[in-house]
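Asks: Encoded as structure tokens, here's the structure I'll be asking about.
Please treat every number below as a calculation from the coordinates, not as lab data. Owing to the predicted nature of the structure, the values given are computational and were not obtained by experimental measurement. Here the Cβ positions follow ideal geometry from the backbone for every residue, glycine too, while neighbour counts run over all protein chains shown.
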Amino acid sequence: MKKSLILIFGLSVLLSCSNQNKQKKEDKSAELVVLTVDELLAQGKDLVGKEVTVKGTVTHVCKESGARCFVMGSTEDISIRIEAGKIGSFSQEQMGSDIQVSGILQEVKLDEEDLAEMEKAAEAGESANVGHALGHDGPKLHDVDGGKHDSVNQNKKLEEMNRKLAESNEGYVPVYYLEGLKLVEQK
């Protein structure tokens, strides 16, 4: 009888230790992984449709509605658009702030026809971004931040996308953006 009690006690101790290890592993996997813009864009293909958290500096907030902002990566040429979504809206006061945003990563696949359409719009002095996830979907370029921010680097972006399309095996250029769920401002 005494041996049975010792055996039962020993097994219960082992099982309880085993459960604690499992719980610690689950807690670690539930930890929030925060990506830089560069990391998010590099891993984008594998993260489309998944909830991700990204951090960076706000370089632009749409003045009309605050419905979207742009967060910069390691250089001014690397950024991601963030749609406010469940966040509601962004404010002009967030310009220059470091933020952390959780959201669902979305992808727009731009093919040769899309890029030709965008180039035609750019040549006409209109935003090449309409419907293509690159920026404002308004029909015209508009003045903000001391200049026409939609047209800043527009031709450079189009050249870059055409180069990427030529190198692509998929026949499209992926453009990623985040559908916002939660905002944590870091200053």
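Asks: Pairs please, first residue from the stretch 83-99 and of a type in the set (A, V, I, L, M, F, W, C), second anywhere and part of a loop (DSSP other than H, G, I, E, B) and surrounded by fewer than 17 Cβ atoms within 10 Å (Cβ to Cβ), Cβ atoms under 8 Å, 6+ apart in sequence or on different chains.
Replies: These pairs meet every condition: A84/G66; F90/G66; I99/Q186.
Asks: Just to be sure, is I78 under 21 Å from V175 (Cβ atoms), out of contact with any strand residue (DSSP E or B) (no Cβ under 6 Å at 6 or more places or on another chain) and in contact (Cβ under 8 Å) with a residue 40 or more places away in the chain?
Replies: yes
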